[in-house]
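**Q** Input: one structure, supplied below.
Just so it is clear, none of the values below were taken in a lab; they were calculated from the coordinates. What you see is a predicted model; the values in this text were computed from it and never measured. Neighbour counts run over all protein chains shown; Cβ positions are idealised from the backbone, glycine included.
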Amino acid sequence: MAKKKKSEKRIVYSNNPDFDPSGFDSGDEGAETSPPSQQDLRVWLDRKGGGKTATVVKGFAGSEEDLKELGRELKTLCGVGGTAKNEEILIQGDHRDKVVDHLKKQGYGAKKAGG
């Protein structure tokens, strides 16, 4: 059985005859995405289990859809897999230079971070 997200709102019961369930969405408002020039992204190198490395982009301020779109764009650029969730993008492998250059061309404020 699939787990429900904690932030998901559900109506269990209402005895109000004037209740309109269409106005009670599942909480998919999301934050508005700031323009790239106002974003300050940090690109980290993270070591995962088994000696694998991952490039991590942190600091994205915006909706989950825009985060996933940027993640898809970066994964395509690098030709590898990865994920975009929890306000960060993980790209498999060490692609910091390529990611920082691409983000700067897109207008984002991006820097390498970490050791």
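**Q** Using only alpha carbon pairs under 8 Å that are at least six residues apart, calculate the relative contact order of the range 41-112 and give it in whole percent.
**A** Value for the range 41-112: 36 percent.
**Q** A further question follows. Please compute the length gained on full extension between Arg47 and Phe19, using 0.36 nm multiplied by the number of residues separating them and subtracting their Cα-Cα distance.
**A** Result for the pair: 5.0 nm of gain on full extension.
**Q** What is the distance, in nm, between label points placed 7 Å from the Cα along the Cα-to-Cβ direction at Ser63 and at Ser37?
**A** 2.2 nm
**Q** I need Val43, Val56 ordered by Cβ neighbour count within 10 Å, fewest first. Intermediate results must be reported in sequence, preceding the final value.
**A** Details: Val43 24, Val56 19.
Ordered from fewest to most neighbouring Cβ atoms within 10 Å, Val43, Val56 come out as Val56, Val43.
**Q** Is there a pair in Lys52/Lys111; Lys48/Lys85; Lys68/Lys112; Lys58/Lys85 whose C-alpha atoms are over 19 Å apart, and which pairs would that be?
**A** Where the Cα-Cα span goes over 19 Å, the pairs concerned are Lys52/Lys111; Lys68/Lys112.
**Q** Kirkwood hydrodynamic radius, computed over distinct alpha-carbon pairs, for the range 41-112: how many Å, to one decimal?
**A** Numbers: mean 1/r = 0.0838 Å⁻¹.
One over the average 1/r among Cα pairs gives 11.9 Å for the range 41-112.
**Q** Moving on. Arranged by the count of other C-beta atoms within 10 angstrom, fewest first, what order do Thr55, Thr76 take?
**A** Thr76, Thr55
**Q** What nm distance separates the two modelled labels at Asp94 and Glu73, each placed 7 Å from Cα along Cα→Cβ?
**A** 2.6 nm
**Q** For a quick check: sort Arg72, Arg42 by the number of other beta carbons within 10 angstrom, fewest at the front. Let's see the in-between values first.
**A** Working: Arg72 13, Arg42 17.
Lowest to highest Cβ neighbour count: Arg72, Arg42.
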